[in-house]
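Worksheet: one structure, shown below.
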Amino acid sequence: MSATTNVFITGATGYIGGAVLELLLEHPTSSSSQFTALVRSPEKAQKLEAIGVHAVVGSNSDLDKLEQLASESDVIFACADADDEPATKAILAGLKNHYKSTGTAPILIHTSGTGVLTDKAAGKYAYDTIYDDTDVEQLETLPDTQLHRNVDLLVIEADKQGYARTHIVLPSTIYALATGKLVQLGIQNPKSRQIPYLIRIGLKRGQGAILGEGKNRWPNVHIDDIASLYIVLYEAILAGKAGHGREGLYFGENGEHLLYDVSKAVAEALYELGKGRSPEPTMVTEEELKVDPRTIYLGTNSRCRASRARALGWKPKYTTKDLLASIKPEVEAILKE
Ligand SMILES: NC(=O)c1ccc[n+]([C@@H]2O[C@H](COP(=O)([O-])OP(=O)(O)OC[C@H]3O[C@@H](n4cnc5c(N)ncnc54)[C@H](OP(=O)(O)O)[C@@H]3O)[C@@H](O)[C@H]2O)c1
């Protein structure tokens with residue numbers, strides 16, 4: 001690597017990417033790093049430039065641009081889209097060019113998700129298998145057809161071929177409103193995905209929803225804790241201590257919730273705020289599922305342990321209790337939209 005480390009980040013305006021970029025900007029390595037972000041919004045690009053991030057306007061569909069930016073990078077944080085196979089291929093092609101021209105394998109930290117562990121429970125049961133990210137053989141039993149897995153396998157293969165050192169962060173249900181500097185500057189999306197989605201369904205039907213009986217389980221992690229996981233991992237990579245390739249999958253969780261408890265907390269918050277008919281969630285109907293088939297995802301299981309990041313010294317602070325407490329403020333924030 002040259003004296004300046006070229007760090008490229010995708011999804012910098014997003015919930016995860018913004019939180020990660022904020023910590024990177026505050027990190028001791030920032031004085032010797034040049035940060036570049038690929039962003040779709042010219043207004044946000046200007047705001048990023050103002051805080052010292054070189055912002056290129058473009059999208060993940062601009063594959064040539066993506067490949068070029070990747071080829072100029074020593075380190076990439078890919079935080080935009082876990083399922084964008086063409087974009088990932090362009091990033092990997094760029095990293096290969098980088099390797100060919102410098103002889104040094106660049107670093108990729110790709111964002112996937114514990115959606116890779118999901119089943120078809122439809123809220124009827126919790127499965128017993130708990131995936132541990134230090135158990136490589138167990139992870140390799142995951143069918144290639146699982147969500148995110150097509151992209152994850154490309155990333156792992158790049159490491160096997162030796163032209164990049166790859167690491168995959170698999171966040172679980174990330175929760176809580178992001179509140180940092182990039183949110184205040186109007187750069188970063190402050191809201192997560194799963195719980196806001198459940199809240200929006202509830203607001204639309206005037207009643208908190210539940211998929212099946214809500215007996216399924218998911219792991220969870222606070223936005224600040226998942227952002228710190230990327231930093232702990234980055235520091236370990238720089239120190240040569242982090243597993244990579246097939247030994248480089250890092251779950252992000254600090255506890256598990258029963259989907260019933262989350263649905264119940266949403267229903268209660270909606271009820272208390274005059275937006276729900278009852279504090280008890282009601283089942284999503286077949287008709288509702290036909291209108292929005294994605295809702296079935298709320299009935300899946302995903303169970304894991306983040307052993308690998310903990311072994312690197314990651315110490316998440318927030319627990320499932322904090323997740324449940326985050327729901328009412330999240331409903332209030334969505335009502336203000
Ligand atoms: N939030 C969670 O709980 C969670 C958990 C596990 C995994 N994940 C995965 O992590 C990824 C990021 O999630 P997030 O919660 O941070 O989502 P988000 O807040 O919607 O952020 C996505 C970011 O990627 C950018 N982006 C998306 N598609 C793009 C494209 N085609 N070209 C350029 N930029 C693009 C967005 O830019 P704009 O600002 O222009 O939209 C934004 O910066 C997703 O794949 C998600 O499935 C999320």
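The values are calculated or read from the model by the stated rules, or taken from the named source; none is laboratory data. Remember, it's a predicted structure, so these values are computed and weren't measured experimentally. Note that each Cβ is placed from the backbone with ideal geometry, even for glycine, and that neighbours are counted across all protein chains shown. Accessible surface areas use protein heavy atoms only, side chains included; no ligands, DNA or RNA. Shrake-Rupley method; radii C 1.70, N 1.55, O 1.52, S 1.80 Å.
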Problem set entry | From A176, A209, residue being in contact with a strand residue (DSSP E or B) (Cβ under 7 Å, 6 or more places away or on another chain), more than 11 Å from the ligand (Cβ to nearest atom) and more than 24 Å from V53 (Cα to Cα) | A209
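For the subset of segment 179-194 comprising residues that are out of contact with any Leu (no Cβ under 7 Å at 6 or more places or on another chain) and more than 10 Å from the ligand (Cβ to nearest atom), which member is most open to solvent (accessible area, probe 1.4 Å)?
Among them, the one singled out is Q184.
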Exercise. Among the residues of segment 154-172, how many are buried (at least 17 other Cβ atoms within 10 Å of the Cβ) and away from the ligand (no atom under 16 Å from the Cβ)?
Worked result: 7
For this session: Check T141 against each of (1) over 24 Å from V20 (Cβ atoms); (2) of a type in the set (V, I, T); (3) not in a loop (DSSP other than H, G, I, E, B) and name the one condition it does not meet.
Result: (3)
Seminar exercise, completed: How many residues of segment 260-278 are touching a strand residue (DSSP E or B) at 6+ places or on another chain (Cβ under 9 Å) and aromatic (F, W, Y)? The answer is 1
Exercise. So is L249 touching a helix residue (DSSP H, G or I) at 6+ places or on another chain (Cβ under 9 Å) and more than 15 Å from the ligand (Cβ to nearest atom) or not?
Worked result: no
Exercise. What do you reckon, is K100 more than 22 Å from Y230 (Cβ to Cβ), outside any strand (DSSP E or B) and more than 15 Å from the ligand (Cβ to nearest atom)?
Worked result: yes
Exercise. Would you say K264 is within 29 Å of the chain's Cα centre (by Cα), modelled with pLDDT of 95 or more and more than 19 Å from E330 (Cβ to Cβ)?
Worked result: no
Problem set entry | Selected residue (only one of Y197, Y175 is crowded, with 24+ Cβ neighbours inside 10 Å and not hydrophobic (A, V, I, L, M, F, W, C)) | Y175
